[in-house]
Structures are given as structure tokens and as C-alpha cells.
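The values are calculated or read from the model by the stated rules, or taken from the named source; none is laboratory data. Treat the numbers as computed from the prediction; the structure is a model and nothing was measured. Quick reminder, even Gly has a Cβ in these numbers, built from the backbone with ideal geometry, and neighbours come from all protein chains shown.
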Amino acid sequence: MVITIRSRKISSGLVDVLMHTLDKEFVPIISKEPGFVAYYVIDSGNDSVTAISVFEDSTTSQKSNLLAETWISEHLGHMVPGMADVISGPVMVPSHLS
């Protein structure tokens, strides 16, 4: 598994609008991608949001990163000026609820 974490500043006061748009429009797209495991977005405070995506391998993860950046730019550019800070890597210590 590969996890990617994207953090970015958003325009002031738009967290709820952004979350709603991601939930209704982006999640249905990314969740159909090959290798998809999970996608989460949190309000990081101070007009920042952080998205966490989990994919089966690096190939599908990299493809989803491009998809996310392109979709965000095309559909939410006015809400998210600038690029995201991105970290990504393979899961080295997995843990699951029993």
C-alpha cells in the first residue's frame, strides 16, 4: 500500500464548501480508480485542508496524484490557490482494527 498526504491552504472561509464539493464530486471519481483503498480529507485549521489517499501500489498512487491535482486545478482553482505540499510513500508498518 502507498499513502499520499496533500496539504494546502484554501481561500478564507471556504472549508465547508470545499469539503462538500470534494465529497459530492471528487470522491466518486477517485474511488473508481484502479488500486483505490481509501480517501480522507480533514480540516487542518487556519484555512488549511489535508487529504490522505491510500492506494494499492505506487503506480496507482502516482496516477491518482496526477488526477487529484488536475481535478482540483480545473474545478476548485479559485478556492485553492497554489500547489499542495505532498508527501507519499509505501506503508512500512501496517495496523488494522480487529
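All of Ser53, Ser58 fail the test of being at pLDDT below 95, at negative phi and surrounded by 13 or more Cβ atoms within 10 Å (Cβ to Cβ), apart from Ser58.
Selection of the stretch 25-43 for residues being in contact with a Lys or Arg (Cβ under 9 Å, 6 or more places away or on another chain) and surrounded by fewer than 16 Cβ atoms within 10 Å (Cβ to Cβ) yields only Pro34.
Per-residue answers, yes or no, for (1) touching a Gly at 6+ places or on another chain (Cβ under 6 Å); (2) within 30 Å of Gly13 (Cα to Cα); (3) of a type in the set (Val, Ile, Thr); (4) not in a helix (DSSP H, G or I):
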position	(1), (2), (3), (4)
Leu66	no, yes, no, no
Thr70	no, yes, yes, no
Gly82	no, yes, no, yes
Ile87	no, yes, yes, yes
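The set of residues from the stretch 1-25 being farther than 11 Å from Asn46 by Cα and in contact with a Pro (Cβ under 9 Å, 6 or more places away or on another chain) comprises Met1, Val2, Ile3.
Taking the criterion of being loosely packed, with under 14 Cβ neighbours inside 10 Å and aliphatic (A, V, I, L, M), the only residue of the stretch 61-81 that qualifies is Leu66.
Pairs linking a residue in the stretch 58-80 that is in contact (Cβ under 8 Å) with a residue 60 or more places away in the chain to a residue that is part of a helix (DSSP H, G or I) and loosely packed, with under 14 Cβ neighbours inside 10 Å, with Cβ atoms under 9 Å and 6 or more positions apart or on different chains, are Met79/Val17; Val80/Ser73.
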